[in-house]
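This report concerns only the one structure given below.
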């Protein structure tokens, strides 16, 4: 352990905010338990000036830096590697809301703000910050920005990238770029913030952001729909877009295997209908006007010509939350059941049913008895497509086939004009896979940007590229 480095870090942030040994261990393991690395120390700065000083110190000594927030990354982006000299720079202490301008519909927050707290602050001013994820109570804004997080409201409000007006970033040499502009129109050159959003901390450390707010909905209606198949879901979504417009917040699809896992492992969850259905969708509409939205949604569903087997519509929050629990607990239920090979893919909405049909057939053909867990944001063309063997004795051998399984799934995705990473990022998990599906020119440009901004490759090494 380089004592001089630890002492220098302590001089910047205080000795109590430099963690080593067992105190640092939890910051070196990822949420899924897949990646575990090692760090010289975990450093917790209190403000942007401290981040700048820490980065400048590490740059001078060629010590790599792994930025970290709530450590909810699903691709190993927020934990250190097993080799090399690196520190973890955890921004959780930087959790101030610097400003909320209700008239301008903006909120300026530090990177360590928990997403739920940002949403609450907006709500207290009768505004909405629409980003919401299953990890909303733990994930932090810096991580949301660094991974360009998605979630259930993307089809109405867009990904995190579309919710950002300005950033404050500490560059790899310690300089601070203050791009905290609260402007909706600024045509004064390259829009540099987009370099850092979705870069997973490989180009710099986001320390604060100006985020867009929206009018707070006054009425919400939610439907739970039993469907014939994914093709019916896609057709229904197109119908609702035509009849309900931009009132649609969310359109989530859930396969039968997902429901079975949730009912098996998550207490107080139940079938939404008297009869089992192979597919269900949970659909949410909202409006800033106090209008009979429940009636509108019910009428739109009644007019849909085919593929719906049953539906229920409610404006009652308690019942709607029960339906949302079926969706939000799928990942936890899967984790309890055992390891699976996970895919976070996107294709054009119009080709989603085609993807599911092709991928299901290919995997069942290659691995008879495979259990495929399909769920997610079909309204914006993104599903989580996970595979495992239901028999625990067979699963380890199947997991050992991850490379072949990935190739089957990703080749189909690529052939349909899709992406192998829709919202989780690349991290360590897909760092090598992406080389097969990005063009040589795209990769060349990405490496060129990395070389220009971080020539010594000290920012989150081993992630993305």
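Filtered by the rule that a residue be assigned to a loop (DSSP other than H, G, I, E, B), surrounded by 16 or more Cβ atoms within 10 Å (Cβ to Cβ) and at negative phi, the stretch 454-465 gives 454, 458, 461, 463, 465. Only residues that are assigned to a helix (DSSP H, G or I), over 23 Å from residue 425 (Cβ atoms) and in contact with a strand residue (DSSP E or B) (Cβ under 9 Å, 6 or more places away or on another chain) were counted across the stretch 334-355, and they come to 1.
Quick check on this structure: which one of 278, 299 is modelled with pLDDT of 95 or more, farther than 26 Å from residue 346 by Cα and surrounded by fewer than 20 Cβ atoms within 10 Å (Cβ to Cβ)? Show your work before the answer.
Values: 278 fails: farther than 26 Å from residue 346 by Cα.
One residue alone meets the criteria, 299.
Within the stretch 5-22, the set of residues being assigned to a helix (DSSP H, G or I), touching a helix residue (DSSP H, G or I) at 6+ places or on another chain (Cβ under 6 Å) and either closer than 13 Å to residue 88 by Cβ or touching a residue at least 60 places away in the same chain (Cβ under 8 Å) (or both) comprises 13 only. With respect to the conditions (1) assigned to a loop (DSSP other than H, G, I, E, B); (2) crowded, with 22+ Cβ neighbours inside 10 Å, residue 122 lacks only one, and its number is (1). Any residue at all in the stretch 123-131 that is assigned by TED's automatic domain parsing to the domain that holds residue 167 and closer than 23 Å to residue 13 by Cβ? No, the stretch 123-131 contains no residue that is assigned by TED's automatic domain parsing to the domain that holds residue 167 and closer than 23 Å to residue 13 by Cβ. Is it fair to say residue 363 is in contact with a helix residue (DSSP H, G or I) (Cβ under 7 Å, 6 or more places away or on another chain) and either closer than 25 Å to residue 235 by Cβ or modelled with pLDDT under 95 (or both)? Yes; evaluated as a whole, the condition is true for this residue. Is one or more of the residues making up the stretch 56-63 more than 28 Å from the chain's Cα centre (by Cα), without any contact (Cβ under 8 Å) to a residue 24 or more places away in the chain and not in a helix (DSSP H, G or I)? No - not one qualifying residue is present in the stretch 56-63.
Here residue 290 fulfils each of the conditions (1) outside any helix (DSSP H, G or I); (2) without any contact (Cβ under 8 Å) to a residue 40 or more places away in the chain; (3) over 30 Å from residue 386 (Cα atoms) apart from (2). In the set (1) within 16 Å of the chain's Cα centre (by Cα); (2) closer than 26 Å to residue 30 by Cα, residue 129 fails one condition alone, (2).
Can you pull out every residue in the stretch 147-159 that is assigned to a helix (DSSP H, G or I) and over 15 Å from residue 346 (Cβ atoms)?
156, 157
Here residue 187 does not fit the description of being part of a strand (DSSP E or B) and without any contact (Cβ under 8 Å) to a residue 12 or more places away in the chain.
When each of 416, 426, 465 is tested for being under 24 Å from the mean Cα position of the chain (by Cα) and at pLDDT 95 or above, the lone residue that passes is 416.
Rundown of residues vs (1) modelled with pLDDT of 95 or more; (2) in a loop (DSSP other than H, G, I, E, B); (3) within 18 Å of residue 428 (Cβ to Cβ), yes/no style:
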{"site": "24", "(1), (2), (3)": "no, no, no"}
{"site": "32", "(1), (2), (3)": "no, yes, yes"}
{"site": "53", "(1), (2), (3)": "yes, no, no"}
{"site": "71", "(1), (2), (3)": "no, yes, yes"}
{"site": "74", "(1), (2), (3)": "no, yes, yes"}
{"site": "82", "(1), (2), (3)": "no, yes, yes"}
{"site": "88", "(1), (2), (3)": "yes, no, yes"}
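The values are calculated or read from the model by the stated rules, or taken from the named source; none is laboratory data. Note that the coordinates shown come from a computational prediction; the quantities given were computed from them, not determined experimentally. Every residue, glycine as well, gets a Cβ built from its backbone with ideal geometry; the counts of neighbours run over all protein chains shown.
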